[in-house]
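Report on the structure given below.
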Amino acid sequence: MPEPTLREELRRHTARVVLPPMLLVALMWVVEIVDVILPLRLDAFGIRPRQLDGLWGVVTAPFLHVGFAHLIANSGAFLVLGVLVGLVSGRFWTVFAGVTVLGGLGTWLIGGSGSVHVGASGVVYGFAAFLLAYGLAARRLGPAVVALVVVLVYGGLAAGVLPLNPFVSWQGHLCGALAGAVVGLVLGRRTRERT
């Protein structure tokens, strides 16, 4: 069997690292377009804290947005940080699932009564925290450099975990970040133990 060419390797690597976050952002855009065109009021399916039927929102909330401005604000950071998660750890889907579920459950537990939490920003915060925690726990140069870049470029995200704006889910941001840190520490330690 012949060795794969550099072009084939690059194509395979790109498909594994870039395609997953691109597909999820495309799905977010499709959902928002459907929500605007059809009178479905999909945002009602977000996380509704401490309501049993609001648990579905743990899975659906990252795909729901309050208009295109909200979606645009989340899309770029989701793509950049999602690609970095895939590049650094090779475990994009594991990180995405862990941050979505753990962060969503945390939001469901501590979110304000009568509120509905939607948007991918909790996952964005989770990705950023994952990259920091993974870089520290793995103790490898590549992840550590990425962690430093994330701090420099996305350091302003820290204010989003404070209850400063009543229309922003600081609970989702905080829980997403905590979930990302937990997933990063677990996967980073495993990576360190394997090397």
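The values are calculated or read from the model by the stated rules, or taken from the named source; none is laboratory data. Not measured: the values here are computed from a predicted model. All Cβ positions, even for glycine, are placed from backbone atoms using ideal geometry, and neighbour counts span all protein chains on display. Remember, those area values only see protein heavy atoms, side chains included, never the ligands or the DNA or RNA. Shrake-Rupley method; radii C 1.70, N 1.55, O 1.52, S 1.80 Å.
A few comments on the model shown:
- Taken one residue at a time, the phi angles of region 183-195 give Karplus couplings (6.51, -1.76, 1.60, θ = phi - 60°) of 4, x, 5, 5, 5, x, 5, 4, 5, 5, 5, 6, 9 Hz. Gly and Pro are set to x.
- Karplus (6.51, -1.76, 1.60) ³J(HN,Hα), θ = phi - 60°, over region 97-111, in Hz, Gly and Pro reported as x: 5, x, 5, 4, 6, 5, x, x, 5, x, 5, 4, 6, 10, x
- Sorting Leu141, Leu71 on solvent-accessible area from highest to lowest, probe radius 1.4 Å, gives Leu141, Leu71.
- Taking all protein chains into account, the per residue accessible area for region 63-195 stands at 47 Å² (1.4 Å probe).
- Whole-Hz Karplus values for region 38-55 come out as 9, x, 9, 6, 5, 4, 5, 8, x, 6, 10, x, 6, 10, 4, 6, x, 5 Hz, taken residue by residue from phi with 6.51 cos²θ - 1.76 cosθ + 1.60 and θ = phi - 60°; glycine and proline positions read x.
- Less than 5 angstrom separates the built amide H of Gly119 from those of Phe63, Leu64, all sequence-distant by 5 or more or on a different chain.
- 222 nm mean residue ellipticity, helices alone, for the chain (DSSP H n ≥ 4; -39,500 (n - 2.57); rounded to 500): -23000 deg cm²/dmol
- Estimated dipole of the chain in Debye, rounded to 20 [Cβ of Lys and Arg +1, of Asp and Glu -1, Cα centre]: 620
- In percent, rounded to a whole number, the relative contact order of region 1-80 is 30, using alpha-carbon pairs under 8 Å and six or more apart.
- Ligands, DNA and RNA aside, Thr100 has an accessible area near 10 Å² when probed at 1.4 Å.
- Distance from region 1-69 to region 75-127 (C-alpha centre basis), Å: 11
- Percent RCO, i.e. relative contact order, over the chain, from Cα pairs under 8 Å lying at least 6 residues apart: 23
- Protein-only accessible surface order, largest first, of Val85, Val31, Val182 at 1.4 Å: Val182, Val31, Val85
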